[in-house]
1. Looking only at residues that are out of contact with any strand residue (DSSP E or B) (no Cβ under 7 Å at 6 or more places or on another chain) and on the phi < 0 side of the Ramachandran plot in region 738-765, which one is modelled with the highest pLDDT?
2. Scan (1) at pLDDT 90 or above; (2) at negative phi; (3) surrounded by fewer than 17 Cβ atoms within 10 Å (Cβ to Cβ) for the single condition Leu934 breaks and write down its number.
3. Residues that are part of a strand (DSSP E or B) and within 31 Å of the chain's Cα centre (by Cα): does region 131-149 have at least one?
4. Please find, among Arg645, Arg715, Arg693, the residue that is farther than 30 Å from Ser564 by Cβ, within 27 Å of the chain's Cα centre (by Cα), loosely packed, with under 15 Cβ neighbours inside 10 Å and among the charged types (D, E, K, R).
5. Mind checking which pairs have a first residue in region 91-118 that is under 25 Å from Asp758 (Cβ atoms) and a second that is surrounded by 15 or more Cβ atoms within 10 Å (Cβ to Cβ) and of a type in the set (Lys, Arg), Cβ under 9 Å, 6 or more apart or different chains?
6. Modelled with pLDDT of 90 or more and either surrounded by 18 or more Cβ atoms within 10 Å (Cβ to Cβ) or outside any helix (DSSP H, G or I) (or both), is that true of Arg550?
7. Within region 619-628, identify whether any single residue is closer than 30 Å to Ile417 by Cα, among the aliphatic types (A, V, I, L, M), open to solvent by 10 Å² or more (accessible area, probe 1.4 Å) and not in a strand (DSSP E or B), and answer yes or no.
8. Regarding region 186-201, can at least one residue be identified that is more than 21 Å from Ser77 (Cα to Cα) and crowded, with 19+ Cβ neighbours inside 10 Å?
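The values are calculated or read from the model by the stated rules, or taken from the named source; none is laboratory data. From a predicted model like this one, the values you see are computed outputs, not experimental measurements. Backbone-built Cβ (ideal geometry, glycine too); neighbour counts: all protein chains shown. When the accessible area is computed, the model is the full protein with side chains, heavy atoms only, and any ligands, DNA or RNA have been set aside. Shrake-Rupley method; radii C 1.70, N 1.55, O 1.52, S 1.80 Å.
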Amino acid sequence: MNFEGLDPGLAEYAPTMHSALDPVLDAHLNPSLLQNVELDPEGVAMEALPVQESVHIMEGVYSELHSVVAEVGVPVSVSHFDLHEEMLWVGSHGGHATSFFGPALERYSSFQVNGSYDIRQIQSLENGILFLTKNNLKYMARGGLIIFDYLLDESEDMHSLLLTDSSTLLVGGLQNHILEIDLNTVQETQKYAVEIPGVTIMRQTNRFFFCGHTSGKIPYRLKELDNEFDSFSQVTESPIGREEEPHLHMVSKKYRKVTIKYSKLGLEDFDFKHYNKTLFAGLEPHIPNAYCNCMIQVLYFLEPVRCLIQNHLCQKEFCLACELGFLFHMLDLSRGDPCQGSNFLRAFRTIPEASALGLILADSHEASGKGSLARLIQRWNCFILTQLHQDMQELEVPQAYRGAGGSSFCSSGDSVIGQLFSCEMENCSLCRCGSETVRASSTLLFTLSYPEGSNCDKTGKNYDFAQVLKRSICLEQNTQAWCDNCEKYQPTIQTRNIRHLPDILVINCEVNSSKEADFWRIQAEVTFKMAVKKYGGEISKNKEFALADRKELRSPEGLVLCPSIEELKNVWLPFSIRMKMTKNKGLDVCNWTDGNEVQWGPARAEEEHGVCVYDLMATVVHILDSRTGGSLVAHIKVGETYHQRKEGVTHQQWYLFNDFLIEPIDKHEAVQFDMNWKVPAILYYVKRNLNARYNLNIKNPIEASVLLAEASLARKQRKTHTTFIPLMLSEMPQVGDLVGLDAEFVTLNEEEAELRSDGTKSTIKPSQMSVARITCVRGQGPNEGIPFIDDYISTQEQVVDYLTQYSGIKPGDLDAKISSKHLTTLKSTYLKLRFLIDIGVKFVGHGLQKDFRVINLMVPKDQVLDTVYLFHMPRKRMISLRFLAWYFLDLKIQGETHDSIEDARTALQLYRKYLELSKSGTEPESFHKVLKALYEKGRKIDWKVPEPESQTSPKSKTWDGTMETGLDRL
């Protein structure tokens with residue numbers, strides 16, 4: 001190539017950066033490939049190169065689509081594709097940066113980064129671009145504005161950077177160390193020594209860290225080793241891990257944030273079974289504030305909580321205990337299908353305390369992971385226990401709502417939540433004047449308090465978890481407090497002693513900074529070394545056990561005495577703890593193992609007064625993932641009763657619950673915390689034999705009286721506007737009775753979608769719907785077809801679209817001040833439907849799957865008769881209710897708008913017609929002919945209901961699809 005047009009100032013650039021990297025012919029390359037190849041030393045102009053119109057490209061070889069000049073006469077030193085904004089960034093030897101966008105590589109921005117040195121590496125972030133030069137790290141907006149400019153030592157010669165998470169950067173070069181820089185504070189936090197100077201490239205996968213040296217070799221280290229960069233071993237070649245996305249280099253696949261991919265059919269063709277092969281129900285994550293899904297599962301798998309919450313029912317419109325009980329009922333009914341907590345989260349959003357505590361997240365914050373999810377879920381944990389305790393203290397309930405909620409489980413001023421979680425405390429304040437004040441209190445959970453200065457202790461001092469827990473429960477601190485004797489604020493010593501142990505011990509881990517994370521990491525390392533020494537192994541600082549040679553730790557006799565090394569790593573948390581009340585109001589806490597069971601006997605703890613053994617039941621974990629903003633998952637030990645109900649087997653098993661992903665795991669995985677990406681947030685310990693202490697019978701608190709007449713919330717509603725007749729006591733439905741049902745909806749949040757480059761639309765987040773009207777009509781008897789429920793649902797949330805054309809709902813219909821409809825609360829109508837489901841009626845309707853989904857009901861499949869599936873052929877389109885009504889019933893419905901009473905009646909008539917045509921299902925072949933004729937007719941008229949005068953009435957044909965003539969009728 002001709003270099004005459006290049007900048008003369010570039011002559012000072014060396015032909016190669018390092019002599020070791022000079023290009024040489026690979027010895028393994030076939031020399032015949034270079035025969036008859038001549039290079040013109042004078043160069044050839046680009047325009048003179050002949051290019052065929054059609055070039056055959058071999059598989060695996062790329063072809064050039066576009067070319068662009070970044071900067072005339074200056075060579076390109078580095079390029080980078082910006083995934084955040086889909087742009088190509090190019091850095092030059094002259095320190096200039098240029099960005100391009102679109103398939104034609106149109107220029108977006110161009111600016112000078114460094115006037116003295118070339119750009120060595122580029123890294124894109126959400127808010128800007130990082131540029132690395134010889135001794136300078138610069139963070140700039142995409143338009144060229146400087147966000148920060150970090151100058152390194154003049155002796156540095158940097159060549160590579162690696163973003164390990166959203167705020168931590170590693171920078172390496174020709175010196176014998178690698179720098180770690182905190183992007184939030186723009187300060188150097190660590191300096192790691194390397195044995196071989198000259199790091200020119202850095203990469204990482206989920207298990208390995210790679211450094212490319214000037215020698216051309218690739219040293220690596222295991223992620224599980226201690227954070228030292230001097231323990232390299234060299235290999236000739238090693239995969240970079242291209243199958244892994246770079247930002248997911250640490251997070252195991254099952255722990256990654258799961259998302260639902262929506263199609264034209266919404267969720268109907270999404271394969272949830274791929275993520276959950278158990279019979280337990282996952283929870284869908286797309287609903288606002290669904291970050292608490294993992295904690296809902298934890299509460300559900302506490303058997304006393306599950307039963308006692310479902311026994312509760314009160315008249316309060318937005319009662320979290322009631323809504324949680326309804327959600328638990330859905331989880332009970334599900335056979336592996338996911339559920340959604342939309343009604344529970346709707347009630348949650350109305351609680352003022354939740355908003356005041358910052359628990360209500362905006363959609364943008366939840367999607368981006370802004371704020372600490374660990375702190376958020378710990379506050380939510382405290383809030384939900386307190387709120388459930390308050391909700392279940394109400395004992396006075398009206399007759400229509402009276403159930404087991406007012407049973408002997410509750411004492412005056414207490415609740416079942418209080419009995420399960422509450423711990424009675426004695427708080428003592430001692431002033432320096434000698435005055436002592438003692439106050440009694442109670443708490444529903446504890447927060448871990450770590451030893452002072454423990455983060456600075458790099459020597460590996462050992463603290464048992466039991467020691468830290470005792471310190472957190474029996475807390476002692478010096479603080480300023482009011483002294484009645486001195487009549488002013490004085491330095492006081494405050495101590496806390498425990499009076500009564502709870503049945504369920506809840507612990508917020510409070511790992512909210514690197515200080516606490518380092519403490520967990522150090523304790524896990526010390527615990528691991530102690531376990532190795534205990535069972536005959538030895539470990540040194542720079543040596544790792546070869547797992548292939550020594551998979552398990554063994555005694556000299558060869559007996560396996562402990563789990564494998566992999567199961568011992570990153571473990572500090574015990575599976576069981578033993579707590580004992582002492583006579584002087586003290587508390588003894590110790591880790592409890594299977595060895596203790598052998599030594600003391602399994603019943604020893606129960607025999608001693610004030611002694612309790614707690615077993616770990618759940619751990620809630622914060623998954624750190626810079627790309628997705630992180631997520632929350634739970635490890636839960638599912639008990640025998642749950643397996644017995646779902647699978648008919650009696651055993652216990654640990655599971656991972658990651659929204660709708662549920663997977664069985666080894667029990668050690670529940671206590672293994674790699675603090676680089678898996679941080680503990682909440683722990684649940686339960687007393688041994690907890691279930692035996694409580695009556696776990698569930699008595700359905702919903703009675704038939706919920707179906708009787710009730711007053712409307714609308715002030716202007718009159719009797720003349722009534723569109724339904726409530727059921728009489730003599731009309732109460734029985735098992736197997738038919739009920740026609742239809743529901744109408746309004747939109748609370750619009751759909752979020754993106755347009756792909758090929759013109760197709762991809763749904764990111766579906767629209768959030770809310771039920772606005774529910775209608776139920778009688779399916780048999782003298783009043784068949786007459787509605788007994790026609791409720792308009794009052795909503796406090798803002799409606800963005802009433803969908804009047806499809807729902808018939810108009811602005812003002814849901815407003816209690818001006819509505820003329822029978823307006824009621826969602827909870828009131830929900831109870832009516834729940835009673836009908838529990839009694840065993842069969843619902844007839846069109847598209848009931850979506851209706852029940854938005855209403856947030858789980859209905860057994862044998863209680864649903866959906867005409868959209870009754871009149872459907874496999875692999876064919878679904879047919880609208882309007883077309884079916886015209887074709888089979890000669891009815892013209894849904895003219896200008898939809899009416900739920902009309903739709904429910906029509907669905908009932910269609911079901912009767914189905915029974916008639918299929919001879920109650922006894923002649924499937926003849927009914928198949930009917931469906932075939934239906935689809936042929938639909939295709940001919942493009943599935944549009946014709947005008948009456950332009951099309952022969954469907955009733956003038958037989959149901960095998962042939963036309964009748966006058967002669968035929970004669």
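1. Glu750
2. (3)
3. From region 131-149, those part of a strand (DSSP E or B) are 131-132, 136-140, 146-149; that's our starting set.
Restricting the remaining residues to those that are within 31 Å of the chain's Cα centre (by Cα) gives none.
No - not one qualifying residue is present in region 131-149.
4. On the way: Arg715 fails: within 27 Å of the chain's Cα centre (by Cα); Arg693 fails: within 27 Å of the chain's Cα centre (by Cα).
Every option except Arg645 fails the conditions.
5. Once the first residue is under 25 Å from Asp758 (Cβ atoms) and sits in region 91-118, its partners that are surrounded by 15 or more Cβ atoms within 10 Å (Cβ to Cβ) and of a type in the set (Lys, Arg) give Ser99/Arg142; Tyr108/Arg142.
6. The answer is no for Arg550.
7. No - not one qualifying residue is present in region 619-628.
8. So far as region 186-201 goes, yes, one or more of its residues are more than 21 Å from Ser77 (Cα to Cα) and crowded, with 19+ Cβ neighbours inside 10 Å.
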